[in-house]
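Asks: Take a look at this one; I'll ask things after.
The values are calculated or read from the model by the stated rules, or taken from the named source; none is laboratory data. None of the values given here were measured: they were computed from a predicted structure. Here Cβ is always computed from backbone atoms with ideal geometry, including for glycine, and neighbour counts include all displayed protein chains. Side chains included, ligands, DNA and RNA excluded: accessible areas come from the protein's heavy atoms. Shrake-Rupley method; radii C 1.70, N 1.55, O 1.52, S 1.80 Å.
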Amino acid sequence: MKITKIEAIPFAIPYRKPLRFASGEVHTAQHVLVRVHTDDGVVGIAEAPPRPFTYGETQAGIIAVIDQLFAPQLAGLTLLERETARALMERTVGNPTAKAAVDMAMWDALGKTLDLRVVDLLGAFTDRMRVSHMLGFDGPEAMVAEAERMRETYGISTFKVKVGRSPIELDTAVVRALRERFGAEIELYVDGNRGWTAAESARAMKQMADLDLLFAEELNPADDVLGRRWLVSQVDVPFIADESVPTAADVTREVLGGSATAISIKTARTGFTGSQQVLHLAEGLGLEVVMGNQIDGQLGSACSIAFGAAHRLTSRRAGELSNFLDMADDLLTEPLEIRDGELAVRPGAGLGVEIDADKLDHYRTDN
Ligand code: MUC
Ligand code: MG
């Protein structure tokens, strides 16, 4: 069970359909595959998605911090010493997705070593979740057509609509068109990625007051502290903090400060160990929780479903588990499949997924 080596391998897989939102856009999945090797010959895997517009990380930076700091610090630890691993990695500020991927690859290796699934090690609440699909910026017709395709092909009936454009009517028209097309058949919520001001957000929420939204997420910057509090105090749906709460301390600050009433948990930024810390905090505070997506590939989505399905609170709402559908290809030997609007946890030990060696050879960018 001793860690002998940690690899950080860059790869690039194009998106069939780029995702556009208020803080950025993604055309290619330039992620980092993390492999934790042990002295038993077990290899645990996870992926880190660089999101410079959210966390400041780059692909080269993730590789550097793993190769130069985390790999030497963690070598020799056993897979049970995850708290020690966390404490060692916490000596380095920031770098959330690099830390999360190392943590999750350790859990995968532990599951494979014990011949147990990660979902069972974490809590084993259920083995599947309803899926929520993210609709990136486009015109109303194209976004309605995309939702129709997702419903027909995968049975998905919950949609998170990216908003935050100016004028606000560009986005409110999309949400209205979706509600008019599908009526009560779908669940809808919006995510602004900090694109609007507090006043624009309040005006947009008034325009959408009759559209039966589930949630509103990060409509304006949390750093506009008083503006955010003013907004959250008047919005009548749970207000989700996402990129403003990458740590448990951030959750505490934002929620106690009146700047959020719900949170997004993303395994891509808090791994499994940190996500449990955030989840238990959220339960204690009585917050709504949504499993978010860091525009993950299939490996990242396998991590999200393992965590989301493991716990009661995270599996209550549809989880954002479908961004990988927009990628042209992936690295897994067997693709994840969304059916009847649900994604199931894989049956095998650990995360239950394996990397296809030929695909990795083809997409890795360090050879
Ligand atoms: C989301 O929920 O915001 C886009 C930016 C980011 O940090 O995550 C994605 C999705
Ligand atoms: Mg978000």
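Asks: For LYS206, go through the lysines and keep the ones whose alpha-carbon is under 24 Å away, minus same-chain ones fewer than eight residues off.
Replies: LYS160, LYS162
Asks: For n ≥ 4 DSSP H runs only, could you compute -39500 (n - 2.57) per run for the chain, divide by its residues and tell me the 222 nm figure to the nearest 500?
Replies: Calculated mean residue ellipticity at 222 nm is -11000 deg cm²/dmol.
Asks: List the residues, sorted by chain then number, that are 5 or more residues from TYR15 or on another chain and whose placed amide H is less than 5 Å from its amide H.
Replies: Correct list: THR28, ALA29, ALA328.
Asks: Straight-line reach from LYS2: which aspartates and glutamates fall under 18 Å, measuring Cα to Cα and dropping same-chain residues less than 8 apart?
Replies: Candidates past the 8-residue exclusion: ASP39, ASP40, ASP67, GLU81, GLU83, ASP103, ASP108, ASP115.
Asks: If you don't mind, there's one more thing I want to ask. From the backbone phi of the range 284-297, what are the Karplus-calculated ³J(HN,Hα) couplings (6.51 cos²θ - 1.76 cosθ + 1.60, θ = phi - 60°) in whole Hz, Gly and Pro given as x?
Replies: x, 8, x, 9, 6, 10, 10, 6, x, 10, 9, 6, 7, x
Asks: Can you sort LYS2, LYS162 by solvent-accessible area, 1.4 Å probe, largest first?
Replies: Working: LYS2 100, LYS162 10 Å².
From most exposed to least exposed: LYS2, LYS162.
Asks: Any idea what diffusion coefficient the range 26-154 gets from Stokes-Einstein, in µm²/s, Kirkwood Rh on alpha carbon pairs, 20 °C, 1.002 mPa s?
Replies: Translational D for this selection: 126 µm²/s.
Asks: On the full set of protein chains, 1.4 Å probe, figure out the accessible area of THR28 and give it in Å² to the nearest 10.
Replies: 50
Asks: From the backbone phi of the range 158-175, what are the Karplus-calculated ³J(HN,Hα) couplings (6.51 cos²θ - 1.76 cosθ + 1.60, θ = phi - 60°) in whole Hz, Gly and Pro given as x?
Replies: 10, 10, 9, 9, 6, 10, x, 8, 10, x, 4, 5, 4, 8, 5, 5, 5, 4
Asks: Let me ask something additional. Could you name the lysines whose alpha carbon sits less than 16 Å from that of LYS99, not counting residues in the same chain fewer than 8 places away?
Replies: Hits, sequence-local ones excluded: LYS5, LYS266.
Asks: Can you give me the relative contact order of the chain as a percent, contacts being Cα pairs under 8 Å and 6 or more apart?
Replies: Values: 813 pairs, mean separation 77.7, N = 367.
Contact order relative to length: 21 percent.
Asks: Out of all DSSP beta bridges with both ends in the chain, state the antiparallel percent to the nearest 5.
Replies: Working: 29 of 52 bridges.
Roughly 55 percent of the DSSP beta bridges within the chain come out antiparallel.
Asks: With axes computed from alpha carbons, what is the tilt in degrees of helix 298-310 against the longest principal axis of the chain, rounded to the nearest 10 within 0 to 90?
Replies: Between the helix axis and the principal axis of the chain, the angle is about 80 degrees.
Asks: Same structure again: Give me the percent of DSSP beta bridges within the range 98-250 that run antiparallel, rounded to the nearest 5. Display every interim value, and only then the final one.
Replies: Numbers: 0 of 14 bridges.
Counting DSSP beta bridges with both partners in the range 98-250, the antiparallel share is about 0 percent.
Asks: Which residue, chosen from THR84, PRO72, LEU332, occupies the Cα position most advanced towards the positive end of the dipole of the chain, where the dipole is computed from +1 (Lys, Arg) and -1 (Asp, Glu) charges on Cβ about the Cα centre?
Replies: THR84
Asks: Would you please report the Å³ per residue occupied by the convex hull of the alpha carbon atoms in the range 12-82? Please report the intermediate quantities before stating the final value.
Replies: On the way: hull volume 8.0 nm³, N = 71.
Dividing the Cα hull volume of the range 12-82 by its residues yields 113 Å³.
Asks: Additional query: Would you mind telling me the share, in percent, of accessible area of the chain contributed by carbon and sulfur at probe 1.4 angstrom? Mind dumping the intermediate values first?
Replies: On the way: 6900 of 13940 Å².
Using a 1.4 Å probe with all protein chains present, the chain comes out at 49 percent carbon and sulfur.
Asks: Here is a follow-up. Before I look further, what does the range 1-99 give for accessible area per residue, probe 1.4 Å, in whole square angstrom? Please list the in-between numbers first.
Replies: Working: 4090 Å² over 99 residues.
That works out to 41 Å² for each residue.
Asks: Between THR273, HIS27, GLY227, whose Cα lies farthest towards the positive end of the dipole of the chain when Lys and Arg beta carbons carry +1 and Asp and Glu beta carbons carry -1, centred on the Cα centre?
Replies: GLY227
Asks: Taking the Cα centre of the range 120-344 as origin, sum charge times position over the Cβ atoms of Lys and Arg (+1) and Asp and Glu (-1), and report the length of that vector in debye to the nearest 20.
Replies: 580
Asks: Could you list the residues of the range 349-367 with an amide nitrogen less than 11 Å from a label point located 7 Å from the Cα of LEU121 in the Cα-to-C-beta direction?
Replies: 349-352
Asks: Moving on to the next point. Quick check: the distance between the Cα centres of the range 44-74 and the range 116-177, to the nearest angstrom?
Replies: The distance from the Cα centre of the range 44-74 to that of the range 116-177 comes to 28 Å.
Asks: Distance from the Cα centre of the range 75-114 to that of the range 208-265, in angstrom?
Replies: Spelled out, the Cα-based centre of one part sits 30 Å from the other.
Asks: Hey, another quick one. With every atom except the alpha carbons ignored, what do you get for Rg and Dmax of the range 147-217, in angstroms?
Replies: Every Cα atom of the range 147-217 included, Rg and Dmax give 12.1, 38 Å.
Asks: Now for a different question. Apply the Karplus curve 6.51 cos²θ - 1.76 cosθ + 1.60, θ = phi - 60°, to the phi angles in the range 112-124 and return the couplings in whole Hz, x for Gly and Pro.
Replies: Once θ is set to phi - 60°, the couplings for the range 112-124 become 5, 5, 8, 6, 10, 6, 4, 4, 6, 5, 7, x, 6 Hz.
Asks: Same structure again: Could the peptides 31-43, 324-336 be put in order, highest first, of the mean number of other beta-carbon atoms found within 10 Å of their residues? Could the numbers behind the result be given before it?
Replies: Numbers: 31-43: 20.1, 324-336: 17.8.
Those peptides, ordered most packed to least, come out 31-43, 324-336.
Asks: A follow-up question, please. Using square roots of five times the C-alpha gyration tensor eigenvalues, list the equivalent-ellipsoid semi-axes of the chain in whole Å, biggest first. It would help to have the intermediate numbers written out before the result.
Replies: Values: eigenvalues 218, 97, 71 Å².
The three semi-axes for the chain are 33, 22, 19 Å.
Asks: Could you provide, to the nearest whole Å², the per residue accessible area of the range 315-360 with probe 1.4 Å?
Replies: On the way: 1910 Å² over 46 residues.
It amounts to 41 Å² per residue over the range 315-360.
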